[in-house]
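*Asks:* Encoded as structure tokens, here's the structure I'll be asking about.
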Amino acid sequence: MRKVLVLNGPNLNLLGTREPEIYGHDTLADIEARLIKQGQTLGLEVECRQSNHEGVLVDWLHEARGRVHAVLLNAGAYTHTSIALLDAIKATELKVIEVHLSDPETREAFRHLSYVGMAAVDCVKGLGAKSYEVALERAAAL
């Protein structure tokens, strides 16, 4: 069975209560449960992790090298600031799909730049929690 790693960055552990008008009412646990179930239907093993720490996300990308089919990455604010994540994606040569609940391009100007997107193979944004499900379908098709 092919494995997909779902990585979530800072503040995503607060989903469901954090600015629900932007991010929705689903908790991260709700999203992860749906992805695991969807993965079974698609023949994928889905592993989900979340960290508020940039270096931990980098370490997890390094660990995934050579052992996963694809990575779904919602790097949160690190999307717009982390050259370290960009370098890790490039160095590991992982197939990373960038995921966003909202559409960063319709928000503040500082959110328009995506370092993650510079190395990702695809991006799904602006669909709320459904963004993850669409990204998992795309990962299965890679």
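*Asks:* Which condition number in (1) among the hydrophobic types (A, V, I, L, M, F, W, C); (2) part of a helix (DSSP H, G or I); (3) closer than 26 Å to Ala141 by Cα is the one that Val46 fails?
*Replies:* Every condition holds for Val46 apart from (2).
*Asks:* Sort out which residues of segment 23-50 are closer than 12 Å to Asn74 by Cβ and without any contact (Cβ under 8 Å) to a residue 40 or more places away in the chain, and write them in order of number.
*Replies:* Leu28, Glu32
*Asks:* Right, another one. Could you tell me how many of the residues in segment 67-86 are within 21 Å of Ala141 (Cβ to Cβ) and open to solvent by 50 Å² or more (accessible area, probe 1.4 Å)?
*Replies:* Taking segment 67-86 first, the residues within 21 Å of Ala141 (Cβ to Cβ) are 67-74.
Subsequent filtering for residues that are open to solvent by 50 Å² or more (accessible area, probe 1.4 Å) retains 67.
Residues flagged as within 21 Å of Ala141 (Cβ to Cβ) and open to solvent by 50 Å² or more (accessible area, probe 1.4 Å) within segment 67-86 amount to 1.
*Asks:* Restricting to segment 106-125, and then to whatever is free of Cβ contacts under 8 Å to residues at least 24 places away in the same chain and outside any loop (DSSP other than H, G, I, E, B), can you tell me which residue is nearest to Ile22 (Cα to Cα)?
*Replies:* Checked segment 106-125; the qualifying residue nearest to Ile22 (Cα to Cα) is Thr106.
*Asks:* May I ask you to list the residues in segment 126-142 that are crowded, with 19+ Cβ neighbours inside 10 Å and either free of Cβ contacts under 8 Å to residues at least 60 places away in the same chain or more than 27 Å from His25 (Cβ to Cβ) (or both)?
*Replies:* Once the filter is applied, which keeps residues that are crowded, with 19+ Cβ neighbours inside 10 Å and either free of Cβ contacts under 8 Å to residues at least 60 places away in the same chain or more than 27 Å from His25 (Cβ to Cβ) (or both), segment 126-142 yields only Ser131.
*Asks:* Name every residue in segment 1-14 that is closer than 13 Å to Asn52 by Cβ and open to solvent by 10 Å² or more (accessible area, probe 1.4 Å), in order of residue number.
*Replies:* Within segment 1-14, Pro10, Asn11, Asn13, Leu14 qualify.
*Asks:* What are the residues in segment 56-71 that are in contact (Cβ under 8 Å) with a residue 60 or more places away in the chain and outside any loop (DSSP other than H, G, I, E, B), if any? It would help to see each step written out before you state the result.
*Replies:* Taking segment 56-71 first, the residues in contact (Cβ under 8 Å) with a residue 60 or more places away in the chain are 67-71.
Ala70, Val71, listed by residue number.
*Asks:* Which residue, of Glu54, Glu98, Glu45, is open to solvent by 80 Å² or more (accessible area, probe 1.4 Å) and at negative phi?
*Replies:* Exactly one of Glu54, Glu98, Glu45 is open to solvent by 80 Å² or more (accessible area, probe 1.4 Å) and at negative phi, namely Glu45.
The values are calculated or read from the model by the stated rules, or taken from the named source; none is laboratory data. What you see is a predicted model, and the numbers here were worked out from it, not measured in a lab. Neighbour counts run over all protein chains shown; Cβ positions are idealised from the backbone, glycine included. What goes into the accessible areas is simple: the full protein's heavy atoms, side chains included, and nothing from ligands, DNA or RNA. Shrake-Rupley method; radii C 1.70, N 1.55, O 1.52, S 1.80 Å.
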